[in-house]
Amino acid sequence: MEGAEVQVRCPVCLRELPGALINSHLDRCLQAADGEAQRGRSPPSKKPRFASAEQGGEAEEQPEEARPAAAPVFSLFHKGQSPGAPGGRSGTGRGDAAERPEEGGGPTLRGANVAQRLEGQPLADRLRPDTLRDYVGQERVLGAHTLLRSLLESHEIPSLILWGPPGCGKTTLAHIIASSSKKKGMRFVTLSATSAKTNDVRDVISQAQNEKRLFKRKTILFIDEIHRFNKSQQDTFLPHVECGTVTLIGATTENPSFQVNAALLSRCRVIVLEKLSVEAMEAILLRAVKSLGVQVLGQGNQHSSSATGDSNESSELPVYVEEKALSTLAYLCDGDARTGLNGLQLAVQARLAAGKTTLLSFTEGRSVDGVLITEEHIKEGLQRSHILYDRAGEEHYNCISALHKSMRGSDENASLYWLARMLEGGEDPLYVARRLVRFASEDIGLADPLALTQAVAAYQGCHFIGMPECEVILAQCVVYFARAPKSIEVYRAYGNVKECLRMHTGPLPPVPLHLRNAPTRLMKDLGYGKGYKYNPMYKEPVEQDYLPEELKGTDFFKERRT
């Protein structure tokens, strides 16, 4: 080929192109391959498809004997390239297009009844939004004028650690980023730390390096439950996040300060997502019932007692849910959207399976038979332990605070109540025992020095025998503390010492020479320990100073330094 440009063969369709055009051609070829694979057709490696723009016209199909032999698609472009959520599903590819809710919470399956719409995919997964416009809650970090929202809308995605309680929207936010990044030609790879190994991570990073070097394509790596990776596995990301080979997005329910390497943490921005508010939960639940075709009944509608009918017939009847039932569910799910949607789905499915209809009377005078979901049905769909106590949420801190204050107030009945509420809700007994050790010195102190011994013995007893046998040990300790005299003398004095240190200006005063140890001759020659009086050698009280010169005469037990 005289004067011709170097030809490069496309590894997907096997067509030879000038080297300057190979990158743009590969992008189109791979997108076509993805589309063919999603529709269940054979990959383009078996039948080359040439874009007309690349040939200046429509490509003619080659005769069978003239076609090159089919070559496998390189694993470089497909291995580990499942974009979106854990399990290799993207935010935009969740089910068929007909099954996705329309914008604003439209029906998920046209012409289908409620029972059919609830089949298969869980409601919590089906209703994941694909755009930031439909994302509900987290206004503090994703509001209209926040820095993170501006970065996401401009597709400048930094490395992130998403930290928040279960069901607050961490994985959903990753779905949205996946959907957006795919449209911009970026790769989005998902791994779950619960199942992925170090070799899986290295494979993804190797692919990302090739993509960046050969095709200038960015790779976003989403690690779900990143706190389950140990320190050495997390170290694998460090150089590649540093140089921009991958943009890391990690999701965790644990405090990243304790569970994520400090070096990795410094290379990522931590986004703290909070529990969803009741208002946000109500919006999500309303969107869910609208997508199912369930109608919401206000307070003014009346209904009579239910009658048992045929389940097949009742499933074709309209389904209604009380407005109060949705409000109750929004409160009881404790800001966990997954729990709320699963509870709603379970309640609806249970009522449809029971086959019970209710005569509903509306304010305009008409009456109709239908399936009614009430507040009681919603409560049945939630676990009792979730309603009673959440050991990882705010209720955990509320209950331990109530127990602490009840013992401080010498109310033994209230103290036992809050203890039982925590233990019956699934709290770790050792956590309660540790708090009792603290209480023994903070609130009882020297008024009853045996309280600390009682607390340590209770902790050891809980450690030895565990639940449920150790509950009576904690109960005994709690009642002892509630009845014991209280003194914060030591607690307050130590607080005065800490404040003295914080408020001191300039360098801290040195240790007086006569209080210093002098293990060597040089130190003795410098005056260390000189003039110190060894107290046991004197029958009378010894007068000597033990505080630095600047603090001489200070009494932390009586006064508060300012």
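For the stretch 476-562, give the percent of accessible area contributed by carbon and sulfur heavy atoms, probe 1.4 Å, rounded to a whole number. Please report the intermediate quantities before stating the final value.
Working: 3920 of 7030 Å².
The computed percentage sits at 56.
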At what distance in angstrom do the alpha carbon centres of the stretch 323-342 and the stretch 206-264 lie from each other?
34 Å
Any idea what Rg and Dmax come out to for the stretch 460-536 if you just take the C-alpha atoms, in Å?
23.4, 64
Between Arg421 and Glu323, 0.36 nm times their residue separation minus their Cα-Cα distance comes to what?
32.3 nm
Considering only protein heavy atoms and a 1.4 Å probe, what is the carbon-and-sulfur percentage of the accessible area of the stretch 189-237?
43 percent
Of all trypsin sites (Lys or Arg not before Pro) in the stretch 203-298, which ones are in loop regions per DSSP and have a Cβ with at most 11 other Cβ atoms within 10 Å?
Lys216
Roll a 1.4 Å probe over the protein chains and send me the accessible area per residue for the stretch 387-522 in Å².
58 Å²
In 5 Å bins starting at zero, report the fraction of Cα pairs in the stretch 122-243 per bin as a rounded %.
2, 9, 19, 22, 20, 15, 10, 3, 0
Output the peptides 186-192, 323-329, 467-473, 150-156 sorted from most to least packed, where packing is the average of other Cβ atoms within 10 Å over each peptide's residues.
186-192, 323-329, 467-473, 150-156
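Residues of the stretch 192-295: accessible area per residue at 1.4 Å, in Å²?
Spelled out: the 1.4 Å probe surface of the stretch 192-295, per residue, equals 46 Å².
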In nm, what is the difference between 0.36 nm times the number of residues separating Cys243 and Glu543 and their Cα-Cα distance?
101.5 nm
Förster radius 45 Å - calculated FRET efficiency between Gln116 and Arg140 (Cβ-Cβ, nearest 0.05)
0.70
Plugging the Cβ-Cβ distance of Thr198 and Glu254 into 1/(1 + (r/R0)^6) at R0 = 25 Å yields, to the nearest 0.05, a FRET efficiency of 0.80
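The values are calculated or read from the model by the stated rules, or taken from the named source; none is laboratory data. None of these values were measured; they are calculated from a predicted model. Note: ideal-geometry Cβ built from the backbone for every residue, glycine included; neighbour counts use all protein chains shown. Remember, those area values only see protein heavy atoms, side chains included, never the ligands or the DNA or RNA. Shrake-Rupley method; radii C 1.70, N 1.55, O 1.52, S 1.80 Å.
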